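The values are calculated or read from the model by the stated rules, or taken from the named source; none is laboratory data. These numbers come from a predicted model, not from an experiment. Glycine also receives a Cβ, built like all others from the backbone with ideal geometry; neighbour counts cover every protein chain displayed. Just the protein is used for accessible areas: all its heavy atoms, side chains included, with ligands, DNA and RNA removed. Shrake-Rupley method; radii C 1.70, N 1.55, O 1.52, S 1.80 Å.
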Amino acid sequence: MTLSRAFDQITRNDIGIVGGKGANLGEMTAAGLPVPPGFCLTADAYRQFISGAGLDSQIEAILAAMRIDDPADVDAKAAQIRALITGAPMPPEIAAEAVANYRRLSIQLDPHGDSIAVAVRSSATAEDLPGASFAGQQDTYLNVRGEDDLLENVRRCWASLWTARAVTYRVKQGFDHKLVALAVVVQAMIRSEVSGILFTANPVSGRRGEALINASWGLGEAIVSGMVTPDTYIVNKRDGAILSRMIASKELSVEYAPDGRGTVERAVPAEQRRKPALNDAQISQLGVLCATIERHYGAPMDIEWAFARGQCTILQARPITTLKDAPAAVPGDFNRTMFIEIFAEPISPIFVSVICPLFHSMLDFTFGALGFKPAKGVQAIGAFYGQPYFNQRYIEAALAPLSPSVRERLVAQIVNPFGKHQVGFKGEVTPRFLGMGLRLLGFMRGFPAQLPNLIKSYRTDIAAIEAQEIDNLPDTEIVKQVRRLLFTTGREFLSYDFLMIALIGITYQAMSEMLVRYFGAESDTVRSRLVSGVTGNVTMETNKALWDLAQMAKASPAARAALAAPDYAAFRAQLEHSADGVRFRRALDQFLHTYGHREVRMDIIYPTWSEDPSPVLAFLRGYLDLDEERSPHRQQERLVRERHALIDRVHDRMRTDLRGRLIDWPIFNTILQQVQMHTRERDTMHFELTRLFPPFRRMLGELGNRWTAKGLLTQPDDIYYLTFDEIESTPAKPQDWRAVAAARRGEHQRNCKRHAPPIIRDGEEMLAESEAAPVPDGAVGGFRGTAGSPGRASGIVRVVLGPEEFGKLGKGDILVAPLTNPVWTPLFAIASGIITEVGGILSHGAIVAREYGIPAVMAVSGATTRLTDGQHVTVDGDTGIVTLIEDGATAAVTT
């Protein structure tokens, strides 16, 4: 009978001897993995203890009398069994075996022979099997020191085989109590600075190509016990790239007790809570270990790990027993690069079901405008994880009449119109190419004249729909109005939007190519400044109106006082107490009448500014302490003067030779005017499209209330978790949607916690080319991104992850965000510089940053986790480099 074994004497085949946990630790030790040393008291030791103490018959009698369907009885009788075990003496031979192993381990790790700290862990012989996981059913004791404490905790581990939870679980899994024994793992403790869990397959999505890492400060028990929400990292196992990071506020840690025994819970210092628990090198190291362990076992594994003094150790590994089946592969080359800025987060099922057919129509309209026919038999738009994707193969099929090289460039332009693409088409001129070019020129010249009438017709349609009293309309008529709103009024307007975006990308790049001849390395900066200070940008007009409203509030004691109210209702009530308060309320109402259809996030599930003006009040509060130098009016006036001066400079430089005077300047000036106009009107299109939101939400809300009253939905907003087809079919064939809506709500919440990959090719998730490798440092202690708006600024970092955190930003701070869209841009009057994780030279954030005259660096990979609140950085919008500067440096702004 074997009473103990060291880890180096154990393999995965020894589960019956040392339990699942012990067998895995021995197997990993034999494989050369970094496992802290230790030993196991075998299942035979447990059996000898039970029989030697005469407990067999007593336990059997208690189990025979147990009523397994009565939780209270199970709990009481399990407690009786545990008391028998903890009260029985340890047999001398088992005690001697345990003490001898502990002494050897102490000498191995401490030459002075002091008693080392160990973890005493239960390891059941039915534990950690591929078909069932007994993990967490028995107990673990940490920071155990000394021989007496060791023996006491071994008995406590044996007793934990008989918790009510463990007994019930064995019954449900069909395991015979008599055949289950408990080994005990004794393992050297690691004083870890950070620890966590690593899944070698994503247990949320079921994808085998991803590893999921949870990490938090201190010992891993804080995560295992659910005391903290850990950081979550998703890693591509193929190339080790970090696909997503979610940095949690890790408020508690488990650490060694100061008296040398056991553990204590400690509050994590406030400044450390939001810091990433792992750096990129540590994540990479875990990724390597992940691949090694999974390859060794030949199956997805659940691994506990820890970092101590920079060294990574593996504390435990077990098979993942709850892994979902991977999602079925969908044929296609799906790419969401264009949509990353528009849809920063997963969108609701109803909005996905509307957006996908609208985007399909948008593509077909664009192809028709360029002289091509839509592709047949190929899916145009895909939806994955609550996000829309273009199918690149659909675009390639539609452009098949063009030569391969031209088609390749145009596909890249359509899939990612905001990226940098090759412009020239030398040697590729064909009749189809010439026809496409003439059609594009015709649209470029004719659309500005069409736009006012297009907007007028669009607004008239929406006004007619909004004017309807829907309270007494039947469900079928409301659904018809929704269809008309979206798929007639909205479809036509949206179709023009994409053609304009494609045109901007082409002309913007063409302008850059012409500038290179005259300005060399300076050409990108010149180009950025030439499209700054373009008056009439509707986003800037919105922000200027906000600024004017803030100045009115600043001059009104009643308005200033009301802005301190805890909510909008209290704010409104306070304004009614004075004449100047009423004047301000009227001005605010006028602002909301004009701009209230603006979205908080690009999804119909969220209320607009008119429904919930809280974001508007937050912007007003942020503007109160700004001086006139921050005024968007003044900034734009300055930029207009600088732009005109720069145009004169470009003109003078191009006139220095005959080619410049006769060819380059006339062409360049025409392109410049088109870029300025189309860039401005792109914001107009976005602004107008969101006019669809209020009537769409009003009609969905009415249906949601009706169907909740009928028992078809649990609550009115469940309607956002149905598709449009389902909504359209319900009036004629009412159906109970409660279970469907609940399941989709859960799926939507899970999607919000994961990273939607930029590319999904035939079911395989892939990185975009720009994300395929870590972004290189731009300088020592710095990062490189894409130059979005020229100038330089230094300031304090404020990481803002979403609209709910807008209040964090202070005057002169550097705004660090995942992305920025029109909703974010009122913050630009407060910030002195912008850093985003996505976006490019033509993204909304870059365009509006140029209108404010503040520097912006876009596409800094991992910016929101690599930078933390309070750091000092310099943002160089000319070179696209962000540089960390030492604490105490003076923040200064230079544009």
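Quick notes on this one:
- Nitroxide proxy distance, nm - points 7 Å out along Cα→Cβ at residue 517 and residue 400: 3.9
- FRET efficiency, 1/(1 + (r/R0)^6) with R0 35 Å, evaluated for residue 545 and residue 284 via beta carbons: 0.15
- If you take the Cα centroid of the stretch 29-108 and the Cα centroid of the stretch 502-565, the two points sit 71 Å apart.
- Backbone N atoms of the stretch 544-561 closer than 17 Å to the 7 Å Cα→Cβ label point of residue 590 belong to residues 544-556, 559.
- Efficiency of FRET from Cβ geometry, residue 6 and residue 76, R₀ 35 Å, rounded to 0.05: 0.35
- Distance violations [Cα-Cα > 19 Å] among 544/808; 544/811; 376/480; 710/733; 21/237: 544/808; 376/480; 21/237
- Think of the chain as having a plus end and a minus end, set by charges on the Cβ of Lys, Arg, Asp and Glu; of 310, 10, 506, 506 sits farthest toward the positive end of this dipole.
- Accessible surface of the chain, 1.4 Å probe, proportion on carbon and sulfur as whole %: 53
- Here's how it looks for residue 301: its modeled amide H is under 5 Å from those of 200, 201, 320, which are all 5 or more places away or on a different chain.
- Computed lengthening from residue 291 to residue 460, 0.36 nm per intervening residue step minus Cα-Cα distance: 54.9 nm
- Shown here: the stretch 213-322, whose C-alpha atoms stretch 42, 29, 28 Å along the first, second and third principal axes, sorted largest to smallest.
- Tilt relative to the chain, helix 92-109 - C-alpha long axis, 0 to 90 degrees, to 10: 50
- Cα lying deepest toward the dipole's positive end in the chain, options 668, 1, 32, charges on Cβ: 668
- The stretch 209-262-the stretch 348-394 distance, computed between alpha-carbon centres (Å): 39
- Residues of the stretch 104-121 with amide N under 15 Å of the 7 Å Cα→Cβ point at residue 261: 115-120
- Residue-normalised accessible area of the stretch 466-532, expressed per residue, 1.4 Å probe, Å²: 38
- Environment charge at residue 630 (Cβ cut-off 14 Å; Lys +1, Arg +1, Asp -1, Glu -1): -3
- Cα-based helix-to-principal-axis angle, 475-484 vs the chain, degrees rounded to 10: 60
- Computed from Cα atoms alone, the Kirkwood hydrodynamic radius reported for the chain is 31.4 Å.
- From the Kirkwood radius over Cα pairs of the stretch 459-577, Stokes-Einstein at 4 °C and 1.567 mPa s returns a whole-number translational diffusion coefficient of 65 µm²/s.
- Between residue 177 and residue 811, residue separation times 0.36 nm minus the direct Cα-Cα distance comes to 221.6 nm.
- Taking the Cα centre of the chain as origin and assigning +1 to Lys and Arg Cβ atoms and -1 to Asp and Glu Cβ atoms, the resulting dipole is close to 2080 debye.
- For the stretch 606-713: accessible area per residue (Å², 1.4 Å): 43
- Its relative contact order, with pairs defined as Cα atoms under 8 Å and 6+ residues apart, puts the stretch 136-246 at 16 percent.
- Degrees separating the helix 404-415 axis from the principal Cα axis of the chain, which is the longest one: 80
- Relative contact order of the chain, defined on C-alpha pairs under 8 angstrom at six or more residues apart (%): 10
- FRET efficiency, residue 439 to residue 749 (Cβ-Cβ, R0 45 Å, nearest 0.05): 0.50
- Electrostatic bookkeeping for residue 855 treats Lys and Arg as +1 and Asp and Glu as -1; over the other residues with beta carbon under 9 Å from its beta carbon, the sum is -1.
- Point-to-point label distance, residue 311-residue 710, nm (Cα→Cβ direction, 7 Å offset): 6.8
- Stokes-Einstein translational diffusion, the stretch 219-272 - Kirkwood Rh over all Cα pairs, 0.692 mPa s, 37 °C, in µm²/s: 253
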